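S.K.: Pasting in a structure now, in structure tokens, and then I'll have a few things to ask.
The values are calculated or read from the model by the stated rules, or taken from the named source; none is laboratory data. Keep in mind it's a predicted model, so treat the numbers as computed, not measured. A quick note on method: Cβ atoms are made from the backbone with ideal geometry, for glycine too, and the neighbour counts reach across all protein chains shown.
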Amino acid sequence: MKTKSLLTMAGGSILKNKMRTMLTMLGIVIGVGAVIVMVAVGNGAQTQIEAQIKNLGTNLIVITPGSTAAGGASQGAQTFNRLTIADADKIKSDATLLSAVSPVIVTRTQVITGKGNWRTEINGVSTDYLTIRDWNVTSGSLFSDDDVNAKRKVAVLGATIVKNLFPDTDPVGSQIQLGHVPFTVIGVLDAKGQTSSGVDQDDVVLVPYTTAQDRLSGMTFLGQILASAQSPNDMVAAQEEIRGIMRESHGLLGGGADDFTVRDQTAIAQAATSTTSVMTGLLAAIASISLVVGGIGIMNIMLVSVTERTREIGIRMAVGARGSDVLTQFLVESVVMSLLGGVVGLAIGFGGAAILGHVMGWSTSTPLIAVFVAVGFSAAVGVFFGFYPAKKAAALDPIQALRYE
Amino acid sequence: MSTPVIEISGVKKIYRMGETEVFALRGVDLTVTAGELLAVMGSSGSGKSTLMNILGCLDIPTAGSYVLDGIRVDGMSRNDLADLRNRKLGFVFQGFNLLPRTSAVENVELPLLYDRTARWTNTRQLAAEALERVGLGARLEHQPSELSGGQQQRVAIARALVTQPTLLLADEPTGNLDSRTSIEVMALFQALNEQGITVIIVTHEPDIAQYAHRVIEVRDGRIMKDHAVAAPRSAADDVARLDAEAAELAAGVTKEAA
Ligand SMILES: Nc1ncnc2c1ncn2[C@@H]1O[C@H](COP(=O)(O)OP(=O)(O)O)[C@@H](O)[C@H]1O
Ligand SMILES: [Mg+2]
């Protein structure tokens, strides 16, 4: 039998029972729709987290003063357990698994230009800082090691500061004051937006840590030290290495608890990603249960249909239909029905995901593969659940089928 | 005209219903030559339908041999039987057996769609022509529920002859029709027979059997009588006479009224 006549035939009998077909399809529509929405939401969450990881920097390791061990309270920082430039230098010179190390001196002060003021965070850092954070300058450049050694008063501005104090001009070359100290702007940072916790990453000014220590904070202690491991595989070993160097530097080789903390933020974020991907999988799995239920609905209707149309099957056989013709006909009907449901479900799923994303403010994204999987899966449901009824129809005896009342 | 279309011998059909056995056919021998118009008569339950179903390759005999148009049928597979039904046979049932909610032309087209030899190209056109042959050229798109009994049976006959079968089998084709429509349907069978198709009609009405050229009588699963009809009636003539009588009657009524 020709494909065209098979399809018209299947389409015909599906259309003859519009209401029933629609209700049967509904199971598949809901199943596929639910899977798409779940994957879209889960996938969107994952993309968001991945973007945040990227913002954190490459293989970022953070060393902060004070212990977070037993009790969780970090009293150390306030007393004598502090991070110094010496610590940063020792890590940089001794560590073998790190590609970059930068001390970070944090202070807040007023940025003053001829046009206005802006209170912001000043970070005193080394030339490695941009590498570690995976940041770029859009205009001008970062300061050099020479600037650091010479404690020059040069600054690199974050995008938020440029937007507020230099709305229409390129600030590179202008003079600004940080507190009372005059600085020359030598670069502008790429805009990075907010972190997941809503902190504006562009509201910052970078200056050489030497200058910051000397002119701005007056502190000899560091807020933190940032480092980059050479590769993601080195992360654990690199942290151990840093810990060893720090213990030596802080005279803890004889014993005693760490008075500093070495953390790996990427690992935390990556754990979050894998949690979301497990959640996505779980949600999709729950949603696919409704797809299976939809399939059972199709099987139920096809069984009813075979019984109802026993006479029709008898007539077809009497005029020369083989068992395989009848099998194909019923199989095509169930596949067309479930495929149609799959396509409608796909549309509803995409619509639902878009609405959900809009209303809840979630980012949603559906990978193209989900579309193929959903359509393929609904066709497979049609074949799987349509096969038994179709087989039953094909095995009917022509005479008994014709006599069926 | 002596080529045998059907040759059966020793055909038995036994239905097993639990412990008991029903002997529907107890050994039937029959030869039908090409171009015959044969009537099978017998009382209800005598085995006529069982015989027809076996001849129509819809049912398989318990014992005996069957050669249809030179092809050995007994022992064939289900698929081969289906193909044989499609290529060589046309079947007309008492209950019409049309697909419901399906237009006349689609019903007639059906056997052409199941053909495996790629004989037919323009199936829809052929179906329309077959309907024209039975006088329903103006009813192509009507569904069975929109047609009278006689018209439905004509659609069924069109479906049976659309594949140009060797043999047309009709099991009580007039059983559900009034007497006038019955004669019209018989006129159609006679016309098709004159065009060369071998026709076998089951009936228990002697009135219908008198249009055949040969009548066999089945009783209790056996053929008891087999005789030629000396001068078969022409159904077309009978229809014409009925028309004339009706016209006269109508004229009489008008005269009385006047
Ligand atoms: N499927 C069946 N199962 C059991 N007995 C049957 C079946 N079909 C027919 N019979 C029996 O076979 C006999 C012949 O039936 P059938 O050929 O239909 O008679 P007819 O058509 O002459 O009225 C009857 O006694 C009937 O009860
Ligand atoms: Mg009968």
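S.K.: Can you list residue pairs whose Cβ atoms sit under 6 Å apart, with the first residue in the range B:170-191 being under 14 Å from B:Val155 (Cα atoms) and the second being within 16 Å of ligand 1 (Cβ to nearest atom) and of a type in the set (Ser, Thr, Tyr)? Count only pairs 6 or more apart in sequence or on different chains.
M.R.: Going by the 6 Å Cβ cut-off, the qualifying pairs are B:Val185/B:Thr174.
S.K.: Next question, about the same structure. For A:Ala238, state whether it is under 31 Å from the mean Cα position of the chain (by Cα) and either outside any helix (DSSP H, G or I) or at pLDDT 85 or above (or both).
M.R.: Numbers: under 31 Å from the mean Cα position of the chain (by Cα): yes; either outside any helix (DSSP H, G or I) or at pLDDT 85 or above (or both): yes.
Judged against the criteria, A:Ala238 is a match.
S.K.: Given the criterion within 27 Å of B:Asn79 (Cβ to Cβ), more than 11 Å from chain A (Cβ to nearest Cβ), more than 16 Å from ligand 2 (Cβ to nearest atom) and among the small types (Gly, Ala, Ser), identify the matching residue among B:Ala138, B:Ala127.
M.R.: That would be B:Ala127, the only listed residue that is within 27 Å of B:Asn79 (Cβ to Cβ), more than 11 Å from chain A (Cβ to nearest Cβ), more than 16 Å from ligand 2 (Cβ to nearest atom) and among the small types (Gly, Ala, Ser).
S.K.: Can you name every one of the strands (runs of 3 or more DSSP E) wholly within the range A:123-192 that holds 3 or more residues which are more than 27 Å from the chain's Cα centre (by Cα)?
M.R.: A:154-157, A:175-178, A:181-189
S.K.: Quick one: A:Val207 ticks every box in (1) without any contact (Cβ under 8 Å) to a residue 24 or more places away in the chain; (2) surrounded by 14 or more Cβ atoms within 10 Å (Cβ to Cβ) bar one, so which box is it?
M.R.: (1)
S.K.: Does the range B:178-205 hold any residues that are within 16 Å of ligand 1 (Cβ to nearest atom) and either part of a loop (DSSP other than H, G, I, E, B) or over 13 Å from the mean Cα position of the chain (by Cα) (or both), and which are they?
M.R.: B:Thr203, B:His204, B:Glu205
S.K.: Among what's in the range B:1-53 and is within 16 Å of ligand 2 (Cβ to nearest atom) and exposed (fewer than 14 other Cβ atoms within 10 Å of the Cβ), pick the residue that is nearest to the other protein chains (Cβ to nearest Cβ).
M.R.: B:Tyr15
S.K.: Right, B:Ile208: assigned to a helix (DSSP H, G or I) and within 16 Å of ligand 1 (Cβ to nearest atom) or not?
M.R.: Working: assigned to a helix (DSSP H, G or I): yes; within 16 Å of ligand 1 (Cβ to nearest atom): yes.
So B:Ile208 passes the test.
S.K.: Taking the options B:Asp74, B:Asp80, name whichever one is of a type in the set (D, E, K, R) and away from every other protein chain (no Cβ under 14 Å).
M.R.: On the way: B:Asp80 fails: away from every other protein chain (no Cβ under 14 Å).
Sole residue among the options that is of a type in the set (D, E, K, R) and away from every other protein chain (no Cβ under 14 Å): B:Asp74.
S.K.: Condition first: within 8 Å of chain A (Cβ to nearest Cβ) and not basic (Lys, Arg). Now tell me which residues in the range B:85-99 satisfy that.
M.R.: If the condition is that a residue be within 8 Å of chain A (Cβ to nearest Cβ) and not basic (Lys, Arg), then B:Asn86, B:Phe91, B:Phe93, B:Asn97, B:Leu98, B:Leu99 are the ones that fit.
S.K.: From B:Ser77, B:Ser65, grab the single residue that is without any contact (Cβ under 8 Å) to a residue 12 or more places away in the chain and more than 15 Å from ligand 1 (Cβ to nearest atom).
M.R.: B:Ser77
S.K.: Moving on to the next point. Is it the case that some residue within the range A:327-342 is without any contact (Cβ under 8 Å) to a residue 40 or more places away in the chain and buried (at least 17 other Cβ atoms within 10 Å of the Cβ)?
M.R.: no
S.K.: Oh, and also: Any idea which of A:Gly218, A:Gly294, A:Gly223 is in contact (Cβ under 8 Å) with a residue 24 or more places away in the chain and under 29 Å from A:Thr184 (Cβ atoms)?
M.R.: After ruling out the rest, the residue left standing is A:Gly223.
S.K.: Can you tell me which of (1) under 20 Å from the mean Cα position of the chain (by Cα); (2) away from ligand 2 (no atom under 16 Å from the Cβ); (3) within 22 Å of A:Asp397 (Cα to Cα); (4) surrounded by fewer than 20 Cβ atoms within 10 Å (Cβ to Cβ) is the one B:Gln94 doesn't meet?
M.R.: (2)
S.K.: Mind listing just one residue for me: the one in the range B:140-177 that is small (Gly, Ala, Ser) and within 16 Å of ligand 1 (Cβ to nearest atom) and, of those, nearest to B:Leu188 (Cα to Cα)?
M.R.: First pass over the range B:140-177, keeping only residues small (Gly, Ala, Ser): B:145, B:148-150, B:156, B:158, B:160, B:170, B:175.
Subsequent filtering for residues that are within 16 Å of ligand 1 (Cβ to nearest atom) retains B:170, B:175.
Numbers: B:Ala170: 12, B:Gly175: 16 Å.
If we take residues in the range B:140-177 being small (Gly, Ala, Ser) and within 16 Å of ligand 1 (Cβ to nearest atom), then B:Ala170 is nearest to B:Leu188 (Cα to Cα).
S.K.: Within the range A:240-259, track down each residue that is in contact with a Lys or Arg (Cβ under 8 Å, 6 or more places away or on another chain) and farther than 11 Å from A:Ile91 by Cα.
M.R.: Result: A:Leu253, A:Asp258.
S.K.: Continuing with this model, one more query. Go through (1) in contact (Cβ under 8 Å) with a residue 24 or more places away in the chain; (2) within 14 Å of chain B (Cβ to nearest Cβ) and name the single condition A:Thr3 misses.
M.R.: With (1) in contact (Cβ under 8 Å) with a residue 24 or more places away in the chain; (2) within 14 Å of chain B (Cβ to nearest Cβ) applied to A:Thr3, the lone miss is (1).
S.K.: In the range A:245-288, how many residues are surrounded by fewer than 13 Cβ atoms within 10 Å (Cβ to Cβ) and assigned to a helix (DSSP H, G or I)?
M.R.: Adding up the residues that qualify gives 8.
S.K.: Residues that are crowded, with 16+ Cβ neighbours inside 10 Å, assigned by TED's automatic domain parsing to the domain that holds A:Leu97 and over 22 Å from A:Arg119 (Cβ atoms): does the range A:178-195 have at least one?
M.R.: No, every residue in the range A:178-195 fails to be crowded, with 16+ Cβ neighbours inside 10 Å, assigned by TED's automatic domain parsing to the domain that holds A:Leu97 and over 22 Å from A:Arg119 (Cβ atoms).
S.K.: Anything in the range B:162-204 that is within 20 Å of B:Asp238 (Cα to Cα), touching a Leu at 6+ places or on another chain (Cβ under 6 Å) and within 16 Å of ligand 2 (Cβ to nearest atom)? List them, or say none.
M.R.: none
S.K.: What helices (runs of 4 or more DSSP H), lying completely within the range A:300-405, carry at least 3 residues that are more than 14 Å from chain B (Cβ to nearest Cβ) and more than 16 Å from ligand 2 (Cβ to nearest atom)?
M.R.: Numbers: elements: A:310-318, A:323-360, A:368-394, A:398-403.
Helices (runs of 4 or more DSSP H) meeting the threshold: A:323-360, A:368-394.
S.K.: A further question on this structure: Against the conditions (1) at pLDDT below 95; (2) over 22 Å from B:Met41 (Cβ atoms); (3) surrounded by 18 or more Cβ atoms within 10 Å (Cβ to Cβ), where does B:Asp238 fall short? Just the number, please.
M.R.: Against the list (1) at pLDDT below 95; (2) over 22 Å from B:Met41 (Cβ atoms); (3) surrounded by 18 or more Cβ atoms within 10 Å (Cβ to Cβ), B:Asp238 comes up short only on (2).
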